[in-house]
Every structure is written in structure tokens, then in C-alpha cells.
Amino acid sequence: MAESTENPSEQPDEPREGSATPFLVAVGLVAVLLLAAVMWNWLTPSSELSETDRINRVTADFINVHNNDDEDARTKIVCRDYSEEQSPLAGLEGDVSFVSVDNVQFTGDQATAQVSVNSESGHNTKTWRYVHSGDLWQVCN
């Protein structure tokens with residue numbers, strides 16, 4: 001009888017026991033990458049502003065220009081027919097603080113919005129007019 005050179009403790013029909021560590025590391029890495037991608041999209045602001053966002057910005061800019069009496073900046077954010085005497089902020093005393101822009105309505109290259117501000121004169125809400133010129137919205141009277 002020939003002796004077998006096989007090790008009797010090795011049985012090829014039984015599954016090998018291995019480590020789950022490489023699999024768990026890969027799953028963990030994928031989870032971290034997915035979480036990072038979701039957080040990046042959530043925390044990074046969109047470069048595209050809506051037209052309503054643009055109206056909000058030009059309104060806030062207009063109020064800042066008014067408070068700082070910056071004539072050079074004013075000429076860039078008001079329409080061609082703008083008149084200081086008919087400004088949406090005419091008659092308000094002292095510095096003006098921006099409260100809100102509501103009910104923005106667009107009609108082609110024109111828009112209107114209900115703008116609320118506070119000043120030494122008190123709370124004020126008026127309908128402001130805007131004109132789209134080039135890539136910008138501008139404040140009109």
C-alpha cells in the first residue's frame with residue numbers, strides 16, 4: 001500500500017476561512033466617498049442664480065448704495081431713466097435696512113416686486129420696478 005503524501009487535515013471540499021477585512025475596507029471607502037459627494041453638493045452653492053435671486057441681490061445692492069451714497073455704483077444698478085426724486089427709497093430718513101422682497105412678477109425684460117424696508121421713518125413696503133439689461137437686473141422708478 002502506498003502512503004499518501006496529502007495532509008489529512010486539509011480537506012479540499014470544505015470552504016476556506018478568510019478574512020472579511022478587505023471587503024469591509026472597500027465598503028467603508030465607498031460609503032465615505034458617497035458621503036463626501038453628497039456633502040459637497042449640499043454645501044457648495046449653485047453657480048446658477050434664479051431670476052428672483054438676482055432681483056433680491058440688486059435690491060440689497062441698491063439699498064447699500066443708498067446708505068453709502070455711492071453715486072458710481074448707483075449708475076451701474078439703476079436703469080437709464082432712473083430719477084433720484086422718484087427713487088423707491090425717496091422720502092425715507094436715515095439708513096435703510098433691507099427686510100424682504102416678495103411677490104416677484106416677471107413680464108419679459110421687466111419685473112415688479114413688493115419690497116419691505118425699515119428706516120428711521122418706520123417700516124415701508126412699496127412696489128419696485130426692475131428692467132433686465134444685458135445680464136443684469138436694474139432698479140427703476
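Residues checked against (1) out of contact with any Pro (no Cβ under 9 Å at 6 or more places or on another chain); (2) without any contact (Cβ under 8 Å) to a residue 12 or more places away in the chain; (3) buried (at least 16 other Cβ atoms within 10 Å of the Cβ); (4) more than 23 Å from Glu48 (Cα to Cα):
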residue: Asn68; (1), (2), (3), (4): yes, yes, no, yes
residue: Asp81; (1), (2), (3), (4): yes, no, no, yes
residue: Asp109; (1), (2), (3), (4): yes, no, no, no
residue: Val117; (1), (2), (3), (4): no, no, yes, yes
residue: Tyr130; (1), (2), (3), (4): yes, no, yes, no
residue: Asn141; (1), (2), (3), (4): no, no, no, yes
Report yes if some residue within the range 85-97 is in a helix (DSSP H, G or I) and either without any contact (Cβ under 8 Å) to a residue 12 or more places away in the chain or surrounded by fewer than 16 Cβ atoms within 10 Å (Cβ to Cβ) (or both); otherwise report no.
yes
For the structure I just gave you, tell me whether Leu34 is at pLDDT below 90, surrounded by fewer than 10 Cβ atoms within 10 Å (Cβ to Cβ) and under 28 Å from the mean Cα position of the chain (by Cα).
no
So Pro8, is it modelled with pLDDT of 75 or more and either of a type outside the set (Lys, Arg) or surrounded by 10 or more Cβ atoms within 10 Å (Cβ to Cβ) (or both)
no
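To keep it simple, each residue is scored yes or no on (1) at pLDDT 95 or above; (2) not polar (S, T, N, Q).
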site	(1), (2)
Pro45	no, yes
Ile55	yes, yes
Asp70	no, yes
Arg74	no, yes
Tyr82	no, yes
Ala90	no, yes
Asn103	yes, no
Val117	yes, yes
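The values are calculated or read from the model by the stated rules, or taken from the named source; none is laboratory data. Note that the coordinates shown come from a computational prediction; the quantities given were computed from them, not determined experimentally. Positions of Cβ are backbone-derived with ideal geometry, glycine not excepted, and every protein chain shown enters the neighbour counts.
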